[in-house]
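Okay, structure first, notes after.
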Amino acid sequence: MKSIVRHFKDNSSLFYYPTIIFLLNVFIKIFYLNSRDIALDEPFTIYYSQQKITSIVNMLYGENNPPFHFFIMHYWIKLFGIGAFSVRLPSLLFSSISAVFIYKIGNQYFSRLIGVAASVIFSLSTMQIFFSHEARVYPLFVLLTAISLYYYLYILFEKNRKSSYYILFFCNLILIYSHFFGFFILIMEVIGLSCACNPKGYIKSFSIFFILLAICYMPNLYLLFHRFTVSTQNGTWVAPPAVTEYYGNLNRFLNNKYNALVLIIITEILVIRLMIIKQFITTINSIFRNKKLIIVLLWFLVPYTIMFLMSFITPMFIDRYILFTSIPFYIVIAYFIEALSFSNQIGKYALLLFIICQMITVQLNPDNNRRLKEVVEVVNKIKTSDTKTLLAPDYAFMGFAYHYNIGYFKDAPNTMADLNKDLIYPIKTSDDVIKLIRNYSGSCIYIQAGTEFTDPLNLIYKQIASNYKYHKEYPVYQIYIIHQFSNSPISE
């Protein structure tokens with residue numbers, strides 16, 4: 001009987017803790033999975049993923065992501081359709097499995113307390129929940145980062161097995177075929193070799209490793225350089241960050257600035273206590289002699305800082321792009337609190353206090369601030385059979401069509417032609433307006449779906465307004481403005 005109990009305790013970390021953590025994440029994230037409108041970049045992902053593989057490949061030359069996630073969604077949609085719950089479920093699963101690997105990293109390379117604490121902090125992050133509710137690549141990117149970190153540490157500090165290299169190789173390959181920023185992980189794997197007990201012993205194996213990765217990535221090299229050239233020459237929609245955003249996005253990883261303040265206070269109290277008992281220098285030396293910690297710390301600090309600094313030249317420092325750096329960040333937080341506590345009991349209480357703060361402040365249904373269903377409802381209410389409806393930016397037609405007529409959305413790539421039959425026209429510039437309403441006496445609706453980047457001077461609106469006597473606005477939270485134009489008085 002004692003041997004059975006001992007076996008149960010010894011193996012609980014291998015099965016029971018990961019299972020509980022996974023189920024906790026599913027429980028937290030599934031209830032509001034389909035509560036908000038399909039919007040932002042989700043319609044783009046769904047629209048192209050439902051098309052043929054050849055259409056997806058052709059689309060990629062104008063898209064900032066490699067193809068792997070689109071391929072996953074393509075076959076997922078074939079099986080389960082394009083309902084909000086269905087298309088978001090993979091993101092929820094990727095996010096939930098990420099929490100398991102955070103636990104595994106903490107438990108295997110540091111302590112069970114660190115593994116549990118880091119995974120729970122991740123699980124109670126509003127930012128992570130938000131992206132687990134979005135049909136985009138970023139939860140997959142986070143998961144692949146966590147798996148790569150786990151097996152990278154395993155190779156360097158546990159067992160240098162071929163099977164671990166194979167897993168890390170395929171994980172890295174999928175990573176860079178899922179997002180261009182996956183190359184940051186490869187850079188960190190090169191840098192991290194200096195922390196191995198015998199760095200020279202890994203030079204040959206990792207040289208072969210990266211050569212094979214480069215060969216396997218050759219089909220996507222042209223796309224990589226093409227998109228890099230376009231982004232650097234033409235710029236992107238992302239604005240350069242304010243200096244305060246370096247700290248501000250850490251607040252978002254932890255739900256808000258108050259939780260970050262709690263973390264700082266806890267750290268200060270623990271440091272003061274160490275100083276009082278004259279253990280501060282000894283503890284700090286012990287912390288920074290831990291090579292596993294140094295690797296995890298660098299995996300957070302280097303990409304996060306480089307992306308921040310590079311953003312003053314080519315902006316990229318936004319929540320979705322830096323989300324993958326949160327994986328080592330949560331582990332570092334849990335490690336430092338436990339290490340500075342100098343006592344297992346104090347460490348438990350300190351981590352519990354911070355987790356309670358996360359629990360109090362987490363939002364289980366974070367808003368995407370988009371109300372496309374309401375936009376469609378307003379348009380249908382004021383639209384007549386001869387009303388021309390203009391929509392800008394032109395690429396907003398995907399989100400509009402999803403909520404306006406799901407049949408039109410599914411009819412890709414003929415969706416625009418279907419909308420045109422209902423006198424709905426996505427437009428790019430004010431020149432398109434002239435073509436559509438020249439010598440046209442009927443009423444017009446203009447939907448502004450966030451045109452500050454594509455039409456900063458508001459030329460489209462001005463061109464339409466110059467052709468009509470009467471105008472009425474219908475603002476829809478948060479970015480949408482529906483303009484109704486007519487040469488006859490508009491009824492209230």
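None of the figures in this text is laboratory data; all of them are computed from the coordinates on show. A quick note: this is a predicted structure, and the numbers were derived from the prediction, not measured. Here Cβ is always computed from backbone atoms with ideal geometry, including for glycine, and neighbour counts include all displayed protein chains.
Observations
- Euclidean distance between Cα centres, region 368-396 to region 320-352, Å: 47
- The residues Ile167, Ile203, when put in order of fewest to most other Cβ atoms within 10 Å, stand as Ile203, Ile167.
- The angle between the Cα long axis of helix 344-361 and the longest principal axis of the Cα atoms of the chain comes to about 10 degrees, rounded to the nearest 10.
- Partners of Lys388 within straight-line reach, counting lysines whose Cα lies under 30 Å from its Cα and excluding those fewer than 8 residues away in the same chain: Lys373, Lys410, Lys421, Lys428, Lys435, Lys462, Lys469, Lys472.
- Between 0 and 90°, nearest 10: helix 291-310 axis offset from the chain longest Cα axis: 30
- Pairs of alpha carbons in the chain whose separation is greater than 27 Å (percent): 62
- Once you reduce region 158-172 and region 21-59 to the center of their Cα atoms, the two points are 30 Å from each other.
- Highest to lowest packing among 168-176, 98-106, scored as the average C-beta count within 10 Å: 98-106, 168-176
- Per residue, the chain reaches -20000 deg cm²/dmol at 222 nm when only DSSP H runs of four or more residues are counted, each adding -39500 (n - 2.57).
- Note on the chain: antiparallel DSSP beta bridges, both residues inside, total approximately 60 percent of the bridges counted.
- Peptides 191-199, 373-381, 295-303 ordered by packing proxy, namely the average of other Cβ atoms within 10 Å per residue, highest first: 295-303, 373-381, 191-199.
- Ranked by how many other beta carbons lie within 10 Å on average, peptides 113-124, 262-273, 387-398, 467-478 from highest: 113-124, 387-398, 262-273, 467-478
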